[in-house]
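Below is one structure, written out as structure tokens; the observations come after it.
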């Protein structure tokens, strides 16, 4: 029998074999169809490993596709057809995405809100902020404070517009969902929106969906064995919908409490009932995920999506990626509020992004309004803070086949930040700016 020690990735790299990744993948597929039996996933994983060792010739390193084929075989032969179907669909989806990524320059994404993008691009051109070169020119002229003011004014107008749209819907509206991928600026925007609605006689009352996480032992894990808080399947979606329906009907519900220190949920802890002129607020990464609010009719909810829709090109003519902006934001926030090393955030980002691509991005076009939270002036501040870090990570991960994603992102971000004139002084940034959520110094409590 051939003891499997290494596997071949799609890139051709040979990396150590980790059986736990198989059981994690099976468990995640099971969770997606309502199952949460981790021991069964581990037993099925052992069967996959046994088949690999029985059928692989000595010295052979199986390809990742071989392993996935065996996972499908074991699932079906053990009577787990629904799990197998989900696993197969997930494989097909990942393959399609890889194909799309390979030729994305030739085909536009159907998820991109083109009307909003055109508006943001037009604004950037008018303000001479559509390229790094023009940004640097304005900084050289001493116009950094002016850039801050222009960007903040554009964001303020977005918030005012959506506040008025929500207020105009009156009594019919029962739920406001504020959503967007990690570090898109949801917390600050929620505070500003709440303040604006109060002036219109409406009050947002938060239903904290974090309290609906399943206990940690029921959570799916990512491919490295880390518990995955980024997937909507980590939430008790059926209970969320049950409570939403009852609240809208005027009934009282008892909200659970999730203790992140212990990883355990305690049910029926805090009573909640809506008063007159109160609207339920859901602030969640997965607010657009259909199952999150499936029990609520469309006319009773307003879906607000946030994203740093920066429209700025580097010297090669490539647009700066929104995900890279959010990665930097999360690095700074994690370091300030969670005492995380920014390197840890970079290594964690691979499954943050995977969950976004699967559970958030496909639903952008279902949103009622999009707010652009990008601030062109944030890039010079990041160049001062993190340029050296990204240079170090680029060197560290260059030849590590297990850290291809981290290397690709580090190299790309380093290339962008190296082009930008760094700015150390952030005093022109107002205390109520969405950016203060990440760089510190906010007048709000988070």
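Points worth noting:
For (1) more than 26 Å from residue 33 (Cβ to Cβ); (2) in the same structural domain as residue 361 (by TED's automatic domain parsing); (3) under 23 Å from the mean Cα position of the chain (by Cα); (4) at pLDDT 80 or above, each residue gets a yes or a no:
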site	(1), (2), (3), (4)
86	no, no, yes, no
89	no, no, yes, no
97	no, no, yes, no
108	yes, no, yes, no
121	yes, yes, no, yes
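- Residue list for segment 45-65, filter: in a helix (DSSP H, G or I) and over 30 Å from the mean Cα position of the chain (by Cα): 46, 47, 48, 49, 50, 51, 52, 53, 54, 55
- Verdict on residue 317 being crowded, with 23+ Cβ neighbours inside 10 Å and either not in a strand (DSSP E or B) or not assigned by TED's automatic domain parsing to the domain that holds residue 377 (or both): no
- Hits in segment 130-155 (condition: in contact (Cβ under 8 Å) with a residue 60 or more places away in the chain and closer than 20 Å to residue 416 by Cβ): 130, 131, 132, 133, 135, 136, 139, 140, 144, 147, 148, 151
- Test: residue in segment 126-140 that is touching a strand residue (DSSP E or B) at 6+ places or on another chain (Cβ under 6 Å) and buried (at least 17 other Cβ atoms within 10 Å of the Cβ): yes
- Residues in segment 18-56 that are in contact (Cβ under 8 Å) with a residue 24 or more places away in the chain and over 30 Å from residue 213 (Cβ atoms): 6 in all.
- Filter result for residue 200 (at pLDDT below 95, out of contact with any helix residue (DSSP H, G or I) (no Cβ under 9 Å at 6 or more places or on another chain) and closer than 18 Å to residue 281 by Cβ): no
- Residue in segment 344-367 that is buried (at least 16 other Cβ atoms within 10 Å of the Cβ), in contact (Cβ under 8 Å) with a residue 24 or more places away in the chain and in a loop (DSSP other than H, G, I, E, B) present: yes
- Any pair with Cβ under 6 angstrom, 6 or more apart, that starts in segment 170-190 at a residue that is within 14 Å of residue 159 (Cβ to Cβ) and ends at one that is assigned to a helix (DSSP H, G or I): 178/186; 178/190; 180/186; 187/437; 188/437
The values are calculated or read from the model by the stated rules, or taken from the named source; none is laboratory data. Note that the coordinates shown come from a computational prediction; the quantities given were computed from them, not determined experimentally. Every residue, glycine among them, receives a Cβ derived from its backbone with ideal geometry; neighbour counts consider all protein chains shown.
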